[in-house]
1. Looking only at the range 199-213, which residues are in contact (Cβ under 8 Å) with a residue 40 or more places away in the chain and over 15 Å from Arg184 (Cβ atoms)?
2. On the given criteria, is Glu129 surrounded by fewer than 18 Cβ atoms within 10 Å (Cβ to Cβ), under 28 Å from Gly191 (Cα atoms), among the charged types (D, E, K, R) and in contact (Cβ under 8 Å) with a residue 12 or more places away in the chain?
3. Report, by residue number, each residue of the range 117-150 that is under 19 Å from Ala95 (Cβ atoms) and under 23 Å from the mean Cα position of the chain (by Cα).
4. In the range 43-69, which residues are over 14 Å from Leu178 (Cβ atoms) and surrounded by 19 or more Cβ atoms within 10 Å (Cβ to Cβ)?
5. Tell me the residue from Gly187, Gly173, Gly154 that is small (Gly, Ala, Ser) and farther than 27 Å from Ala103 by Cα, please.
6. Name every residue in the range 132-159 that is within 30 Å of Tyr32 (Cα to Cα), surrounded by 12 or more Cβ atoms within 10 Å (Cβ to Cβ) and of a type outside the set (A, V, I, L, M, F, W, C), in order of residue number.
7. For the range 92-144, what are the residues that are of a type outside the set (Ser, Thr, Tyr) and in contact with a strand residue (DSSP E or B) (Cβ under 6 Å, 6 or more places away or on another chain)?
8. I'm trying to understand the selection: among the residues of the range 45-104, which are polar (S, T, N, Q), over 12 Å from the mean Cα position of the chain (by Cα) and outside any loop (DSSP other than H, G, I, E, B)?
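The values are calculated or read from the model by the stated rules, or taken from the named source; none is laboratory data. Predicted model only: the values in this text are computed from it and were never measured. As a convention, Cβ positions derive from the backbone with ideal geometry for all residues, glycine included, and neighbour counts pool all protein chains shown.
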Amino acid sequence: MIKRGLFGWTLLLALALGGHAFAGEYEEGKHYVRIASPLPTLHKDKIEVVEFFWYGCVHCFHFEPVLRAWQARQGEDVYVLGSPAMWNERMKTHAQAYYAAQALGVSDKLDEPLFAALNTPPRPKLDSEDELAAFFAKYGVADEDFRKAFNSFGVASQVRQADARARSTAIEGTPELLVNGKYRISGSLAGGQEEMLDVAEYLIARERAAMQN
């Protein structure tokens, strides 16, 4: 395999970024953090972007539509995954709800309503299985089906994996992003939510260029 020289790699990166940013514009340790032990990704031939979030986080609530619009503009080699953060039992319960919705195939119907319910008045806590079962029922999910998914081994395993992912990357808040298991981006480092996505595009271009070598 032919290795590119520094100039060739820089040119390729600049072209991949389409003039949006230049190599060296974003600095490791200043605009993003490199993960000491990179995490495995689902697809080796694609670039993974993980969003750390919590349904009850108002910043995540506002970031979600921005992220979805950004996601729609990405190439087919980029995919986005959600990873719920959990620092207490309430957040763990909401993480269970997130993965239960996935298991039931109703994430598209329930993600936005859950965000909206927890971030707009009257802001119900939805921090118990019974409350969440009633909420899911409003969107056509039978009580028995919800409880089976909510308490399933598969959902419990995904919750543990999400918690381990957050601990391994040492996230400091939500929302934050993880690019290809290697680079963590926070709003405080990047300078804001829109800037988080700018840094993500820069790192995606770097990863894309490296995969082509």
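1. Listed by number, the residues that qualify are Glu201, Ala205, Arg208, Ala209, Met211, Gln212, Asn213.
2. It is false that Glu129 is surrounded by fewer than 18 Cβ atoms within 10 Å (Cβ to Cβ), under 28 Å from Gly191 (Cα atoms), among the charged types (D, E, K, R) and in contact (Cβ under 8 Å) with a residue 12 or more places away in the chain.
3. Once the filter is applied, which keeps residues that are under 19 Å from Ala95 (Cβ atoms) and under 23 Å from the mean Cα position of the chain (by Cα), the range 117-150 yields Ala117, Leu118, Asn119, Lys125, Leu126, Asp127, Leu132, Phe136, Ala149, Phe150.
4. Correct list: Trp54, Tyr55, Gly56, Cys57, Cys60, Phe61, Phe63, Glu64.
5. One residue alone meets the criteria, Gly187.
6. Gln158
7. Across the range 92-144, the qualifying residue is only Ala95.
8. If the condition is that a residue be polar (S, T, N, Q), over 12 Å from the mean Cα position of the chain (by Cα) and outside any loop (DSSP other than H, G, I, E, B), then Thr93, Gln96, Gln102 are the ones that fit.
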